[in-house]
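These notes are about the structure you will find just below.
Each reported figure results from applying straightforward, stated rules to the coordinates on display, with no laboratory input. Every value quoted in this text rests on a predicted model; they were computed, and no experiment measured them. Here the Cβ positions follow ideal geometry from the backbone for every residue, glycine too, while neighbour counts run over all protein chains shown.
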Amino acid sequence: MNARQGEISPVFGADGLIPVIAQDGETHEVLMMAWMDVEALRRTRASGEATYWSRSRQEYWVKGETSGHRQTVRRIRLDCDADVILLEVDQVGPACHTGTHSCFTDRDLPLERPGD
């Protein structure tokens, strides 16, 4: 816990990052997964706009800054181990860079259980 009474601090990995799941605040659909470091989380909390760390570009990006497909944050939650962040967001336009509402659209892997 940090200085604020009862507030839990996120647990960042050895690389300084924490996985973040963005979820539609109305439908609860999972929209996308990205990464944050301490500064991205600070920026998100201060602005109310989802700000992530790009591992490939090594820079911060505000979701929708260039596309207009913004994520306004309603709520920030931590999982039971405090090592995953859940952002409940109001999504404007598609969340995925492919143009789909969710990055998990039509990407099912078949189960390989015996008898299926």
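Sort TYR60, TYR52 so that the residue with the fewest other Cβ atoms within 10 Å of its own Cβ comes first and the one with the most comes last. Provide the component values of the computation, followed by the final result.
Details: TYR60 15, TYR52 25.
Arranged by neighbour count, lowest to highest, TYR60, TYR52 become TYR60, TYR52.
So what is the calculated 222 nm ellipticity per residue for the chain, using -39500 (n - 2.57) for each DSSP H run with n of 4 or more, over all residues, to the nearest 500 deg cm²/dmol? Could the numbers behind the result be given before it?
Details: 1 runs with 10 residues, N = 116.
After summing the helix terms and dividing by the residues of the chain, the value is -2500 deg cm²/dmol.
Pick the calculated Kirkwood radius over Cα pairs in Å for this structure from (1) 13.8; (2) 16.8; (3) 15.2?
Answer by label: (3).
Putting +1 on Lys and Arg Cβ atoms and -1 on Asp and Glu Cβ atoms, find which of LEU87, SER67, MET32 reaches farthest to the positive end of the dipole of the stretch 18-91.
Of the listed residues, the answer is SER67.
What FRET efficiency would be calculated for the residue pair VAL30, ARG74, taking the C-beta separation as r and a Förster radius of 25 Å, to the nearest 0.05?
Values: r = 15 Å, r/R0 = 0.60.
Efficiency, rounded to the nearest 0.05: 0.95.
For every other residue with a beta carbon closer than 14 angstrom to the beta carbon of GLY68, add +1 if it is Lys or Arg and -1 if Asp or Glu, then tell me the sum.
Within the 14 Å Cβ shell, the charges total -1.
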